[in-house]
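For reference, the structure is listed below as structure tokens.
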Amino acid sequence: MTVPSVTERIPLGAESPSVLDARGLWKVFGPKADSVVGSALGRKELKEQTGCVAAVRDVSFSVRRGEVFVVMGLSGSGKSTLVRCLTRLIEPTAGEIVLDGEDIRKADERRLRELRRHRMAMVFQHFGLLPHRCVLDNVAFGLEIRGVPKQQRYTRAREVVELVGLTGFENSYPDQLSGGMQQRVGLARALAADPEVLLFDEPFSALDPLIRREMQNEVIRLHHEVGKTMIFITHDLNEALKLGDRILIMRDGALVQMGTPDQVVGAPADDYVRDFVSDVPRSDVLTLPWIMRDARPGEPLDGPELAPETVIRDAARTVLSAGRPVKVVAGGALLGVVTTAEILEVIAGPSEEKH
């Protein structure tokens, strides 16, 4: 199967310049960590022979400006260590972390503080709110640390409190709020600083499923409204597929696959990823380029038109009711056609495989 190109799927972001680049990133814990960089030993052999653990192994990727970039993997895969390396909360052992052309690894302590305060903000699973401060004071705290005048920082705090849907709770204290509302305060605090990059380290994993879905929708809404570059860490595949423009999958500290959600589901790189996505309904993720075919000679082409980024599930009603081929069109150009046969093959596929 030919994998549809990224530009077919996310035309608005595909040509965007990168805002953050990780190049050959390693993080090794243990004695003489530098000597382990470049080792091809597996995790168990490396531990036995050197006493070291390579939590991040030669990981490279670029995050485009304005995209939601998801890093996912099971517990122990290295994803949280990776995101902490990006801000040097954990010091990388080797490699480069470049933010808009500046290598963060070369920044001294003063410059690193400036970068964290002004250009990168992190939202953690544990909210880290100040219990003795009300919502508005918590949201304004980062601006206070930066020395922003009181009137200016509270004006900004009120703006983001409204943005995350906490209007009316400005004077409430953290222990008076639900988990989801506390996470909104943490999100507002990060947004108040107007950072270039927002990093989320499994921020919703402690929330119950209903609140978790609500917060996922909130992130999507905020991304549409403010357009921030977001790097999101999760162990949940459904969350990754829902939020991510692109997904990086890790295992044992290494990058296993990186691609758009439909590339990960439609063309898994190996058995590990294939097992990950085996229960995902393909029609909920794959877009029309995965199933379209060339028009045949004499075939009627007066049917409806759909864009290539249309998800198969969303196209099903149009295709099944058309009674003729549905054209897949981009920029006035005919890319291919989809008929009932292609739709039914995808919809029936997973149930057939399970039997």
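The values are calculated or read from the model by the stated rules, or taken from the named source; none is laboratory data. Small disclaimer: the values here were computed from a predicted structure and weren't measured. Because the Cβ atoms are built from the backbone with ideal geometry, glycine has one as well, and the counts that use them run over all protein chains shown. Side chains are part of the model used for accessible areas, which takes the heavy atoms of the whole protein and leaves out ligands, DNA and RNA. Shrake-Rupley method; radii C 1.70, N 1.55, O 1.52, S 1.80 Å.
I'm trying to understand the selection: among the residues of the range 182-191, which are open to solvent by 10 Å² or more (accessible area, probe 1.4 Å) and touching a Phe, Trp or Tyr at 6+ places or on another chain (Cβ under 7 Å)?
Gln182, Arg189
Would you confirm whether any residue within the range 11-30 is open to solvent by 30 Å² or more (accessible area, probe 1.4 Å), modelled with pLDDT under 95 and under 21 Å from Glu91 (Cα atoms)?
Yes, that holds for at least one residue.
Taking the range 263-302 as the search range and keeping residues that are in a helix (DSSP H, G or I) and among the aliphatic types (A, V, I, L, M), which one is surrounded by the fewest Cβ atoms within 10 Å (Cβ to Cβ)?
Here the answer is Val277.
Could you tell me which residue of the range 192-209 is farthest from the chain's Cα centre (by Cα), considering only residues that are closer than 16 Å to Leu222 by Cβ and open to solvent by 30 Å² or more (accessible area, probe 1.4 Å)?
Taking the candidates together, the pick is Asp194.
Filter the range 119-144 for residues that are surrounded by fewer than 19 Cβ atoms within 10 Å (Cβ to Cβ) and at pLDDT below 85 and give the result.
Hits for the range 119-144 are Phe124, Gln125, His126, Gly128.
Does the range 154-174 contain at least one residue that is closer than 30 Å to Ile90 by Cβ, surrounded by fewer than 16 Cβ atoms within 10 Å (Cβ to Cβ) and either in contact with a Gly (Cβ under 8 Å, 6 or more places away or on another chain) or touching a residue at least 12 places away in the same chain (Cβ under 8 Å) (or both)?
no
Got a number for residues in the range 41-72 being outside any helix (DSSP H, G or I), within 28 Å of the chain's Cα centre (by Cα) and surrounded by fewer than 21 Cβ atoms within 10 Å (Cβ to Cβ)?
Going through the range 41-72 one residue at a time, the tally reaches 9.
Please go through the range 203-216 and give me each residue that is touching a strand residue (DSSP E or B) at 6+ places or on another chain (Cβ under 7 Å) and part of a helix (DSSP H, G or I), ordered by number.
Within the range 203-216, none qualify.
Taking the range 129-149, which residues are within 16 Å of Ser172 (Cα to Cα), of a type outside the set (Lys, Arg) and assigned to a loop (DSSP other than H, G, I, E, B)?
Leu129, Leu130, Pro131, His132, Cys134
Mind checking whether some residue in the range 217-230 is β-branched (Val, Ile, Thr), open to solvent by 10 Å² or more (accessible area, probe 1.4 Å), part of a helix (DSSP H, G or I) and out of contact with any Phe, Trp or Tyr (no Cβ under 8 Å at 6 or more places or on another chain)?
yes
I'd like the full set of residues that are assigned to a strand (DSSP E or B) and more than 20 Å from the chain's Cα centre (by Cα), limited to the range 73-116.
Selection gives Ala94, Gly95, Glu96, Glu102, Asp103.
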